[in-house]
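What follows is a set of notes on a single structure, which appears directly below.
The values are calculated or read from the model by the stated rules, or taken from the named source; none is laboratory data. Quantities reported herein were computed from a predicted structural model and do not represent experimental measurements. Counting neighbours? That spans all protein chains shown, and the Cβs are built from the backbone with ideal geometry, glycine included. Please note that ligands, DNA and RNA were not included when accessible areas were found on the heavy atoms of the full protein model with its side chains. Shrake-Rupley method; radii C 1.70, N 1.55, O 1.52, S 1.80 Å.
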Amino acid sequence: MKLSFVATNDAPKAIGPYSQAVTAGDFIFTAGQIALDPATMEIAAEGIVEQTEQVLSNLEAVLLAAGSDLSRVVKTTVFLQTMADFAAMNEVYARRFGSNRPARSTVAAAGLPRNVLVEIEVIAVRTA
């Protein structure tokens, strides 16, 4: 199976030795996205609601570049600095994913990159 690497200027550039996403067949595996503004590479917001919005916008940009979108996500992993932010993150998550309800794991993770509050990675399929 051929692997392809996804890169778009509409999402933050990788801040390490990894790709924004890798495609394998019809599957898309994204790197974890944090609340970086793609234009400035600075943290876009301080609060969990605003950071979650930015993270999902970044993921959406990567998915679009790979030939998919949030409606085609089958699995997510959410990393939270503290589980106290779960409810607020979950409200944004539910609104942005709409009727799509991908499988999800949510874990508390100390020491997220750049001390952000949330990081999310997804697995999606290409649009038909």
(message) Being touching a residue at least 12 places away in the same chain (Cβ under 8 Å), surrounded by fewer than 16 Cβ atoms within 10 Å (Cβ to Cβ) and assigned to a loop (DSSP other than H, G, I, E, B) is the filter here; which residues of region 3-22 pass it?
(response) ALA7, ASN9, ASP10, LYS13, ALA14, ILE15, TYR18
(request) Can you give me the ranges of the strands (runs of 3 or more DSSP E) entirely in region 49-128 with at least 2 residues that are farther than 16 Å from PRO38 by Cα and over 13 Å from the mean Cα position of the chain (by Cα)? (result) 103-108
(message) So in region 102-121, with the set limited to residues that are of a type in the set (A, V, I, L, M, F, W, C) and in contact with a helix residue (DSSP H, G or I) (Cβ under 7 Å, 6 or more places away or on another chain), which one is farthest from ALA45 (Cα to Cα)?
(response) ALA108
(request) Would you confirm whether any residue within region 24-43 is open to solvent by 30 Å² or more (accessible area, probe 1.4 Å), of a type in the set (S, T, N, Q) and part of a loop (DSSP other than H, G, I, E, B)? (result) yes
(message) Just to check your reading of the model, which residue among PHE79, PHE86 is open to solvent by less than 60 Å² (accessible area, probe 1.4 Å) and either modelled with pLDDT of 95 or more or of a type in the set (A, V, I, L, M, F, W, C) (or both)?
(response) PHE79
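Which residues, counting only those in region 44-69, are modelled with pLDDT under 95 and surrounded by fewer than 18 Cβ atoms within 10 Å (Cβ to Cβ)?
Selection gives ALA45, GLU46.
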